[in-house]
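The values are calculated or read from the model by the stated rules, or taken from the named source; none is laboratory data. The structure displayed is predicted, hence computed values, not measured ones. With ideal geometry, Cβ positions are generated from the backbone for all residues, glycine too; neighbour counts draw on all protein chains shown. Just so you know, the surface numbers come from the protein's heavy atoms only, side chains and all, with ligands and any DNA or RNA stripped out. Shrake-Rupley method; radii C 1.70, N 1.55, O 1.52, S 1.80 Å.
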Amino acid sequence: MIKSLAYLGVHSPDYKEWERFGPEVLGLQHAGHGEDGAVRLRLDEAAHRITIHPGERNAIAYIGWSVKDEADAKAIGSRVVAHGLEVQRSAPDENAQRKVEGFYWFKDPSGFRHELSWGQYHAVAPFHAGRPVSGFRTAEQGLGHVVLAVADLEEGDRFYREVLGFHPSDIVRDGPLEAHFYHINGRHHSLAISRLPTREVAFLHLMIELNSLDDVGTAHDICEQRGIPITTTLGRHSNDHMISFYMYTPSGFRLEYGWGGLDVDHDLWIPRTYDKPSSWGHHRQHKELTALMMHDRAPA
Ligand SMILES: [Fe+2]
């Protein structure tokens, strides 16, 4: 059983910009570099959760999930194999890079690389935010959530529910927009999938959640002062109640910076359908910049 979103890895020619963007804009801690020069970023007791690797183009490299132990990773991996996909075990140098005991990885039907990891390293030194923030809401809810545009929404829905074990939270249907949201812990959704009119596969955004609305407002000020494009204005989502805005990161993907996400109790939860993604705000702007970030098509 997948417990939470553990980490995210990205390739980017502008990876070095994250040494300042991470701490100064997002309040993350710069947690040193990987062997390839990757910028590692920390937001809680985990050694690092966001890693921006050097790369020729912007692409999502891997999406890391936490499972309890190797037996759980193996059990999910065998369902992935039964689904007709190839699963591989991590090499020791990969474990050292990710700072986990191990992981099994595979590419999902849309080509995104997922890693089922166990034993994520926790740093002994306390988290030290890059700028004053009240802190990030993580713990058993993990890093945050990721939203993917998949090639085939019905196939994706079946795969994430039936093979990986994600639980449906709700669906948003608003004109051409159809998005499916899934929980694996108390966070309303750790994963959502959508379909673009072009049927393109894309990484739509990463969400990280703050402990205070003031942290979100302060980041909004910093984005305005620094001319960082706000791609979706401040607003509140209809389904998870998150008050957030979306900014354009140096690596071509959008980051949702939010507060106030809804907790779900899986035993009591009944999936719903909403006719709008947001109750107010969240107006799209800078459409020319919301270039969709593809996953890494390069052979692993
Ligand atoms: Fe989101």
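Starting at 0 and stepping by 5 Å, how many percent of the alpha carbon pairs of the stretch 2-118 end up in each bin?
Taking all Cα pairs of the stretch 2-118, the binned fractions are 2, 12, 20, 23, 19, 12, 7, 3, 0, 0 percent.
Using a 1.4 angstrom probe and counting only protein chains, how large is the accessible area of residue 94 in Å², to 10?
Counting only protein heavy atoms, the figure is 40 Å².
Could you work out the relative contact order of the chain? I mean the mean sequence separation of Cα pairs under 8 Å and 6+ apart, divided by the number of residues, in percent. List each step's numbers first, then the result.
Details: 742 pairs, mean separation 54.8, N = 300.
Rounded, it is 18 percent for the chain.
In the stretch 139-289, what percentage of the DSSP-assigned beta bridges are antiparallel, given to the nearest 5?
70 percent
Quick one, can you get me the convex hull of the C-alpha atoms of the stretch 122-189 expressed as volume per residue in Å³? Provide the component values of the computation, followed by the final result.
Details: hull volume 10.2 nm³, N = 68.
About 151 Å³ per residue, rounded to a whole number.
With the full set of protein chains in place, find how many percent of the accessible area of the chain is carbon and sulfur; take the probe as 1.4 Å.
Details: 6560 of 12570 Å².
Result for the chain: 52 percent of the exposed heavy-atom area is carbon or sulfur.
Just to be sure I follow the definition: excluding the sites themselves, where is the longest run in the chain that has none of the trypsin sites (Lys or Arg not before Pro) in a DSSP loop with at most 15 other Cβ atoms within 10 Å? Walk me through the numbers before you get to the answer.
Values: sites that count: 57, 68, 199, 297.
It runs 69-198.
Give the percent of DSSP beta bridges with both residues in the chain that are antiparallel, rounded to the nearest 5.
Values: 56 of 79 bridges.
Of the beta bridges lying entirely in the chain, close to 70 percent run antiparallel.
Quick check for you: with a 1.4 Å probe and neighbouring chains kept, what is the accessible area per residue of the chain, in Å²? Please list the in-between numbers first.
On the way: 12570 Å² over 300 residues.
Value returned for the chain: 42 Å² of accessible area per residue.
Would you work out the charge dipole size for the chain about its Cα centre, treating the Cβ of every Lys and Arg as +1 and the Cβ of every Asp and Glu as -1, and quote it to the nearest 20 debye?
Values: 31 positive and 41 negative charges, 52 e Å.
Computed charge dipole of the chain: roughly 240 debye.
May I have the count of lysine pairs in the chain with C-alpha atoms under 20 Å apart, counting pairs 8 or more residues apart or located on different chains?
Total qualifying Lys-Lys pairs in the chain comes to 8.
Within the P(r) computed for the stretch 215-267, what percentage of the Cα pairs occupies the region above 18 Å? Please report the intermediate quantities before stating the final value.
On the way: 483 of 1378 pairs.
In whole percent, the long-distance tail amounts to 35.
Taking every pair of Cα atoms in the chain, average 1/r, invert it to obtain the Kirkwood radius, and report Rg/Rh to two decimals.
0.93
What is the local net charge at residue 51, summed over the other residues whose Cβ is closer than 9 Å to its Cβ (Lys, Arg +1; Asp, Glu -1)?
Numbers: positive: 40, 49, 98; negative: none.
Net of charged neighbours comes to +3.
Arrange the residues 121, 274 by how much accessible surface each exposes, largest first, with a 1.4 angstrom probe. List each step's numbers first, then the result.
Working: 121 105, 274 50 Å².
Heavy-atom accessible area, descending, gives 121, 274.
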